[in-house]
Every structure is written in C-alpha cells, then in structure tokens.
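Report on the following structure.
The values are calculated or read from the model by the stated rules, or taken from the named source; none is laboratory data. Since the structure is predicted, the reported quantities are computational estimates derived from the model, not experimental observations. Note that each Cβ is placed from the backbone with ideal geometry, even for glycine, and that neighbours are counted across all protein chains shown. These accessible areas exclude ligands, DNA and RNA; they are computed on the full protein's heavy atoms, side chains included. Shrake-Rupley method; radii C 1.70, N 1.55, O 1.52, S 1.80 Å.
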Amino acid sequence: MASVIVLTGATRGLGRALVAAFAVAGHTVAGCGRSRGHVQALRRDFPAPHSFEAVDVADAAAVHDWAAGVLPKVGPPDLLVNNAALMNTPVPLWEVETDEFNALIDVNVKGVFNVVKAFVPAMVKRGSGVIVNLSSGWGRSTSPEVAPYCATKYAVEGLTLALAQELPRGMAAVPLNPGVIDTDMLRQSWGDGADAYPKADEWAKKAAPFLLGLGPKDNGRSLSVG
C-alpha cells in the first residue's frame, strides 16, 4: 500500500537518498530543503505526485506555509521524517562560535518542533501515522569536539520520547539513530575516514523499508537502523 511521506532535509545526504528509495517503491514524497537549486533538481527527477519546496525548518512561518500547501493536496502524512540537521565544526566547546551554536539549536531542535507543530495535528485528528525524528549515536553517547551536535541530538531523543507519551493510541513517535553513513556531514567530522562507511544510497535501500515498517508497536522506542 502506497504511503504519503513528509521528509525534511530532502535535498542532500540521507534525505536525498530516501527520496529516491521511497519514490521507486511507489510512495508519495513531500520534501523540503534549503537550497532552491537542489529543490529544482528534485522536482525534475521526481515530478508530481511528489512535491518539493525550499524551506528553512528553523523558520516557523515558512514551515507552517509549507504544511498549509501540502496537507490539502495529499492529506496527513503516514510517515513524517525529521531529517534536516547541521553539524558543528569540530572544536572544543569553548571555541565554538556563538552563531554556529545557535544555528544548530535552531535547525536540529527548533526545526523538529516547527515541523511537528505544523503536521502532527492533522495526523492526530486522523488518529494514525508515525513520526521519526533522526537522532544519532551522538544523541546517546558523546565525543569531544562535537558537543553542540551531541546536545541537539540528546534533545531530539528527549523531545521524541516525551511526544510518544502524548500521542493517541494508534500512532508512534520514534527517535532513530541512522547509523554511521558516508555523507558530507560525516566528512565534516571525520574527513576521509568517512570512506570506511556505507554510502547514503546503499543505506537508504535498507532504511526506507525499515522506516515504512514502523508502527504503533514502536511508539517511544529509541531505535537504530541496522
């Protein structure tokens, strides 16, 4: 059965790979990203019924407007995936630039809130749907020089597990560790060491069916792909 999937951070990395995997399997994707050029490319590669918009998830008004355009066309999502995130430049916490720290909080934490606030009421009204907020291994453990990223992903874990307790029966909220994948974000931290890990497209072949298999039984579980 085909599903409607709302996906943030759809233009690069894991998000872009998931768009392809979901679309090939016959599902409808409504995605967003910040790069208008990348959004235009998605529109060319994945035409209607898929839809893609240039949206900064840190902008609550922009997210509201995006949802107001998506929901009347495709209805409440069966699967909502909050994937958009930033990584900080690896340095000790006291050397992190204030603007960079604020940007991580705005996208990685407030962005999740903005998207939940815009889309989840329609899902609750219908009484079904799964919300997956991407966490990280660094949302359940820590490493030096990525303290801001760790802080945001720990926040995603807590926010999602609390949300799970608020949802009506028949729905689910899941904080998901995607695992270690060779993406631009990983290369920002590990450089060429990222070569040792799976590429995003390879990961998505396993992750897409995993995500689509989530349901009420998984509500409030901190899960990992793989």
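What the table shows:
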{"read-out": "FRET efficiency, 1/(1 + (r/R0)^6) with R0 30 Å, evaluated for SER222 and THR89 via beta carbons", "value": "0.65"}
{"read-out": "The chain: DSSP helices with Cα axial extent of at least 20 Å and average Kyte-Doolittle hydropathy no lower than -1.0", "value": "60-74, 111-126, 147-166"}
{"read-out": "Euclidean distance of C-alpha centroids, segment 66-82 and segment 143-163, integer Å", "value": "26 Å"}
{"read-out": "From the coordinates shown, percent of Cα pairs over 32 Å apart corresponds to which of (i) 12; (ii) 26; (iii) 22", "value": "(i)"}
{"read-out": "5 angstrom amide H check on SER51, placed H, neighbours 5+ away", "value": "VAL29, ALA30, GLY31"}
{"read-out": "Amide H contacts of LYS199 (H built 1.01 Å from N, under 5 Å, at least 5 apart or other chain)", "value": "ASP182"}
{"read-out": "Accessible surface, the chain, averaged per residue in Å² (probe 1.4 Å)", "value": "47 Å²"}
{"read-out": "Residue-span extension gain [ASP45 to ASP65] - 0.36 nm each, minus C-alpha spacing", "value": "4.8 nm"}
{"read-out": "Accessible surface of the chain, 1.4 Å probe, proportion on carbon and sulfur as whole %", "value": "55 percent"}
{"read-out": "Estimated FRET transfer efficiency (LYS73, SER35; beta-carbon r; R0 35 Å; 0.05)", "value": "0.95"}
{"read-out": "Accessible area of GLU202 in the full protein assembly, 1.4 Å probe (Å², nearest 10)", "value": "120 Å²"}
{"read-out": "Environment charge at GLY215 (Cβ cut-off 15 Å; Lys +1, Arg +1, Asp -1, Glu -1)", "value": "+2"}
{"read-out": "Summed residue charge, Cβ within 13 Å of LEU134's Cβ, Lys/Arg positive, Asp/Glu negative", "value": "+1"}
